[in-house]
Amino acid sequence: MTYRITGLVPDEFTPYFLMSEAELAARGAQRVIAQADRGHPCRISLEDARKGEALILLQHVSHDVATPYRSAYAIYVREGATRASYEDAVPPVFEGRPLGLRGFDAAGMLHDARLALPGEADAAIRALFADPQIAYIDAHNAAHGCFAARITRYEA
């Protein structure tokens with residue numbers, strides 16, 4: 001069994017980078033500049049932005065389902081970021097962060113969950129996918145609660 005972790009689609013966020021500060025504010029978003037090389041995880045590239053890079057901070061519906069588990073939270077996206085994809089490997093944005101891994105069934109209902117401390121994500125993902133009822137996993141940063149990435153089953 002294998003899995004794939006992909007970043008968000010960049011085209012969905014391109015319009016935000018063309019907006020004025022007032023237009024962003026009207027949508028509950030804002031432009032920010034990374035103050036350090038860590039701490040602004042881009043959900044497109046699945047890497048932390050580097051100090052001085054521009055990002056948009058906005059609310060994103062990460063689990064858009066008609067169940068009580070629908071979820072939205074703040075995320076960062078970098079301008080010009082390329083969509084990342086990892087197969088049987090965790091992205092750099094997972095490194096050094098405790099993660100909440102939420103395993104959902106095909107109907108969008110929470111079936112199981114795991115807490116993965118730094119270095120434990122791969123094993124926790126594989127453990128969740130050992131259950132055939134889990135269709136996909138949403139990873140969240142455990143401390144801040146924000147969506148990190150979607151993890152799907154993948155067979156080559």
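Derivation of every value follows stated rules applied to the coordinates shown; laboratory data play no part. Fair warning: this is a prediction, and the values are worked out from it, not measured in the lab. In this analysis, Cβ positions are derived from the backbone assuming ideal geometry, glycine residues included, and neighbour counts consider all displayed protein chains.
Proximity of backbone amide H atoms, modeled 1.01 Å from N, is registered between Gly108 and no other residue at under 5 Å, excluding neighbours fewer than 5 places apart on the same chain.
Largest mean-square fluctuation among Arg43, Arg102, Arg83, in a Gaussian network model of the chain whose springs join Cα atoms under 10 Å apart, belongs to Arg83. In this Cβ point-charge picture (+1 for Lys and Arg, -1 for Asp and Glu), the chain has a dipole of about 240 debye about its Cα centre. Here the scattering of region 1-153 is modelled by Debye summation over its C-alpha atoms, one equal scatterer each and no solvent; at q = 0.21 Å⁻¹ the log10 of I(q)/I(0) is -1.36.
Extension gain for Arg4-Leu117 works out to 38.7 nm (0.36 nm per residue, less the C-alpha to C-alpha distance).
Within region 1-110, the GluC sites (Glu not before Pro) that combine a DSSP coil assignment with at most 15 other C-beta atoms in a 10 angstrom radius are Glu95.
Dipole size of region 34-84 about its Cα centre, with +1 on Lys/Arg Cβ and -1 on Asp/Glu Cβ: approximately 40 debye, rounded to the nearest 20. Across region 32-46, rounded Karplus estimates of 3J(HN,Hα) from the backbone phi angles (6.51 cos²θ - 1.76 cosθ + 1.60, θ = phi - 60°) give 9, 10, 4, 8, 7, 7, 9, x, 10, x, 6, 8, 8, 7, 6 Hz, Gly and Pro being marked x. Backbone amide hydrogens, once placed in the peptide plane, bring Tyr136 within less than 5 Å of Phe104, excluding anything fewer than 5 places away on its chain. Taken as Cα centroids, region 127-142 and region 1-75 sit 22 Å apart, rounded to the nearest whole angstrom.
Sequence-ordered 3J(HN,Hα) estimates for region 74-86 from the Karplus curve with 6.51, -1.76 and 1.60 and θ = phi - 60° stand at 6, 9, 10, 9, 9, 5, x, 5, 9, 5, 8, 8, 10 Hz, glycine and proline given as x. Note on the chain: dipole from Cβ charges, positive end direction compared against Pro68, Ala34, Tyr154; the farthest Cα belongs to Ala34. Taking every DSSP helix (H) stretch of at least 4 residues in the chain, weighting each as -39,500 (n - 2.57) and dividing the sum by the residue count yields a mean residue ellipticity at 222 nm of -3000 deg cm²/dmol. Between Leu57 and Ser20, the simple spin-label model (points 7 angstrom out along Cα→Cβ) gives 2.2 nm. The 3J(HN,Hα) values that the Karplus relation (6.51, -1.76, 1.60; θ = phi - 60°) gives for region 130-144 are, in residue order, 5, 8, x, 6, 7, 8, 7, 10, 9, 9, 10, 5, 4, 5, 8 Hz. Gly and Pro appear as x.
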